[in-house]
Amino acid sequence: MKLGGLDLFISASDSRVAAPPTSPYNGIDHFGLAVQGLDAAVAELKAKGVRFTMEPKQARPGVRICFIEGPQNISIELLERTPA
């Protein structure tokens, strides 16, 4: 799919795709999605049984983050920025 002008390939469970490497390793270890209303997004995801590997926290002023476990244990960051 196209996302912000970039090609993005997401594989569900395909036996032709190699398993993700064990952390720590060089390379991309997660990807992030910007959301508005992080608390509402977290509540909705928890209601659907999504596993959180880091609960929402203040990363720095104006930025809150959390992490969820995606398919094949890929780490997905949810990030909310609020104007200063």
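Can you figure out the FRET efficiency of residue 79 with residue 47, using R₀ = 30 Å and their beta-carbon distance, to the nearest 0.05? Step by step, r from the Cβ atoms, then E = 0.90.
Shown for 81, 60: other C-beta atoms within 10 Å of each C-beta, ranked fewest to most, produce the order 60, 81.
Values quoted throughout were computed directly from the atomic coordinates according to the rules given, and no laboratory measurement underlies them. For clarity, every value in this text was computed on a predicted model and none was experimentally measured. Neighbour counts are summed over all protein chains in view; Cβ atoms, including those assigned to glycine, are modelled from backbone coordinates with ideal geometry.
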